[in-house]
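The values are calculated or read from the model by the stated rules, or taken from the named source; none is laboratory data. These numbers were taken from a predicted model, which means no experiment stands behind them. Because the Cβ atoms are built from the backbone with ideal geometry, glycine has one as well, and the counts that use them run over all protein chains shown. Remember, those area values only see protein heavy atoms, side chains included, never the ligands or the DNA or RNA. Shrake-Rupley method; radii C 1.70, N 1.55, O 1.52, S 1.80 Å.
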Amino acid sequence: MTKELIINTTEQGTEIALLEDKILVELHSQLADANFTAGDIYLGKVKKLIPGLNAAFVDVGFEKDAFLHYTDLSPFVRSLLKFTHLAMNEHDENSFDFAKFKVEPEIIKTGKITEVLNGKPNVLVQILKEPIAQKGPRLTCEISLPGRYVVVTPFTNIVAVSRKIHSSDERKRLQKIIEAIKPFNLGVIVRTAAEGMPAAELHEDLLSLEETWKGIQKTLKGAVPPQKILSEQGKTNSILRDLLNEDFNKITVNDKAIFTDTKNYIQRIAPQKVDIISHYNSSIPIFDQYGITKQVKAAFGRTVNLPSGAYLIIEHTEALHVIDVNSGYKSVSNNQEQNALETNLEAAAEIARQLRLRDLGGIIVIDFIDMKLLENKKRLSEEMEGFMLHDRAKHAVLPISKFGLMQVTRQRMKPEMNINTSEVCPSCNGTGKISSALILEDEIAKNLNYLISQKHKALTIQVHPIVYTYLTCGFPSRRMKWSWKYKQKVKVISNSNYSLTEFRFFDDGEDEIKL
């Protein structure tokens, strides 16, 4: 699998598209003045304790107070409160040595928030979930600083190795290296990317995170809540930090400053991959050049069409997301069970992509086409789990229930990606809306291919005059290419009574073919 990162920067902010084998699988956006991003660290002030919820509301500068539950306090929250107080009030930069900091006893899992945050203190917090809809950010006191190979967690001396590293010898090697170089009072989690890496690179990554923690300590001196203490690095770098591997073979950026920053970052974390980044400089928008705009138009919206003619209906309710799989009008064989299985497998792959692309979270209920055989249901569940393997969000896939429904739970860390794919219709001066014209040619070609596969010949396509011009202009025109491809005449006729995106097929007897 090849991975490409296409970065589009405008005055409003930055859009980042992740392509896997040329298919859009993730789309991230970051406003130029974005705040309260997951991973940002703030100095907050406890405003209100809610014993009934065992939670607190904390002022971090957002229009609504952020939410902090007892379970997100961290066992070492007393040490964090003590550290925050000492760092804010230290008079001499060298008077507070974190390596000599005395860690306080851990809190119990079943305790009360009023016992820990009594007096409504200032507290160092990290954004766990970004503001969503009417809710403020969700916070955690379990501060973590992620690097390329390790994650640092203050106030503990634990060393843990990712479970995805299966070799016992490699796990022991990494454990031994980290224990030898780890600073006191900083716990370390070894990431999967560290597998096989030399001790020098692990040490460099760890030293960088130690300096970041020292920087937090310095920034806290004299700080007044609410105040941002540390920004999570840009979306581009955070994606590269988590995803950059041998499969990554191209990064294209249309902004010179981000190009330079990204190149410097890659030079630091993976110098052998520095040549994969290039600066895009053309009058054609970068997302149009790489087909991303077209994929966005086709992938977002209530209805998502699949290559076979099947389609998905995606609905959002207050409590969950519902996805309905429909077979459409096309079938591969006369075996209904086999048709249902193949359509469901195609839909499952697209659903896994849609979950990543839109960042759908919570409970997702999928109504697949009914199948009778247990082995087919089992295969569909297994394939769905396989399609979800590349999803970085925590998720769980449940087997198909007796009602034919599959339930998926997925963690969401930011607001759901929702893009309006409708365009103002030029035929009615903006009083109605139509599906995007960007994908019209593909729709016509897909239906043409299907009809010819069903032995239809001498086909005529009637379209709007604007579309007629588009299909017949140039040499070779799109109509000519179709004729050459299928080795038969394909006729295109203009019909001014049609709407812009309307098209119909007719046979050689001038009878309309109903699709």
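Of note:
- Ordering of 472-483, 9-20 by packing is 9-20, 472-483, highest average first (other Cβ atoms within 10 Å, averaged per residue).
- Within-12-Å neighbourhood charge of Asp367 [Cβ basis; K, R +1; D, E -1]: -3
- His390 accessible area, assembled protein chains, probe 1.4 Å, Å²: 90
- Grouping the Cα pair distances of the range 1-103 into 10 Å bins from zero gives a pair-distance distribution of 11, 26, 23, 23, 15, 1 percent in increasing distance order.
- For the range 47-128, lysine pairs separated by 8 or more sequence positions, or belonging to different chains, with Cα-Cα distances below 16 Å total 9.
- Net charge in the neighbourhood of Ile6 (other residues with Cβ under 10 Å of its Cβ; Lys, Arg +1, Asp, Glu -1) is -1.
- Over all pairs of different C-alpha atoms, the range 436-491 has a mean inverse distance whose reciprocal, the Kirkwood radius, equals 11.7 Å.
- Pair-distance distribution of the chain: all C-alpha pairs, bin width 10 Å, starting at 0; shares per bin in whole percent are 3, 15, 22, 24, 18, 9, 6, 3, 0, 0.
- DSSP H segments from the chain that extend 27 Å or more along their own axis, Cα-based, with Kyte-Doolittle mean of -1.0 or above: 199-220, 336-358
- The range 112-253 - share of DSSP beta bridges that are antiparallel (%, nearest 5): 80
- Annotation: the antiparallel percentage among DSSP beta bridges lying fully within the chain is about 75.
- Rg to Rh quotient for the range 258-334, alpha carbon positions, Kirkwood Rh: 1.21
- Overall form of the range 198-288 per C-alpha gyration tensor (a/c, 1.5; a/b vs b/c): oblate
- Every Cα-Cα pair in the range 52-161 was counted, and those over 17 Å apart are 60% of them.
- Exceeding the 29 Å Cα-Cα cut-off - candidates Lys22/Lys455; Lys135/Lys263; Lys3/Lys394; Lys172/Lys221: Lys22/Lys455; Lys135/Lys263; Lys172/Lys221
- MRE, 222 nm, helices only [DSSP H, n ≥ 4, -39500 (n - 2.57), over the chain, to nearest 500]: -9500 deg cm²/dmol
- Normalised by 2.2 N^0.38 Å, where N counts its residues, the alpha-carbon radius of gyration of the range 272-386 equals 1.33.
- Heavy-atom accessible area, probed at 1.4 angstrom with all protein chains present, ranks Glu342, Glu204, Glu441, Glu170 as Glu204, Glu342, Glu441, Glu170, highest first.
- Set of lysines with alpha-carbon distance to Lys377 below 17 Å, sequence-local pairs under 8 removed: Lys402
- Other residues with beta-carbon under 13 Å from the beta-carbon of Lys487 carry, at +1 per Lys or Arg and -1 per Asp or Glu, a net charge of +4.
- The range 173-199 and the range 52-126: distance between their alpha carbon centers, rounded to Å: 27
- Within the full protein context, the accessible area of Trp484 is estimated at about 140 Å² for a probe radius of 1.4 Å.
- Among Phe184, Phe67, Phe36, the sequence by solvent-accessible area, most first, with a 1.4 Å probe is Phe184, Phe67, Phe36.
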